[in-house]
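None of the figures in this text is laboratory data; all of them are computed from the coordinates on show. As the structure is a prediction and not an experimental result, all values here were calculated from the model. In this analysis, Cβ positions are derived from the backbone assuming ideal geometry, glycine residues included, and neighbour counts consider all displayed protein chains.
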Amino acid sequence: MNYPVLRQTAIAKSQRIVPYLTPSEVKLLSEEAKKGRRGERDSLLILLLFQTGLRISEALSLTPSSIQKFEGKPVLSIIGKGRKPRLVACPQSLADKLKSYAYERKIEPQSRLFPIKSQGHGRLLRRLQSM
């Protein structure tokens, strides 16, 4: 039997456009994060997420030893989705801030930079959403 309907292919869905923040909005968000009890940490975490594109789980697992150099440029060595290791480009200014943050707080090379409990980042994001 010849059914024309069976030969038709599905119409492709249009891709959803994901809204993004402008650099000035990221700066505003970072400044707002500084007002909290853990302001410096929260502000640095916001900058890290937006300047590198890391997932929150990747950012929260960073250690001082994750900050490395590759061909003379700063990179973050992370274990990504699916436990795959990868290097992520990091602006020099951000790498310097991360190193200073770790040094000032005497964070051990293998200890997490952002020891936030699993619900902690959710509270931070909800607080920032309300601004």
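Give the lysines whose C-alpha is closer than 28 Å to that of Lys81, dropping any in the same chain fewer than 8 places away, or say none. Counting by Cα, and skipping residues close in sequence, Lys81 has these lysines nearby: Lys13, Lys27, Lys69, Lys73, Lys97, Lys99, Lys117. Annotation: extensible slack from Arg126 through Lys69 equals 17.1 nm (criterion: 0.36 nm per residue apart, minus Cα-Cα distance). A simple rule links phi to the HN-Hα coupling: the Karplus curve 6.51 cos²θ - 1.76 cosθ + 1.60 with θ = phi - 60°, which for region 94-106 gives 6, 4, 5, 5, 5, 5, 4, 4, 5, 5, 4, 9, 6 Hz, with x for Gly and Pro. Between Asp96 and Leu21, the distance separating the two model label sites (each 7 Å from Cα on the Cα→Cβ line) works out to 2.2 nm. Please give the net charge around Lys99, taking every other residue with its beta carbon less than 13 angstrom from that of Lys99, where Lys and Arg add +1 and Asp and Glu add -1. Net charge in that neighbourhood comes out at +2.
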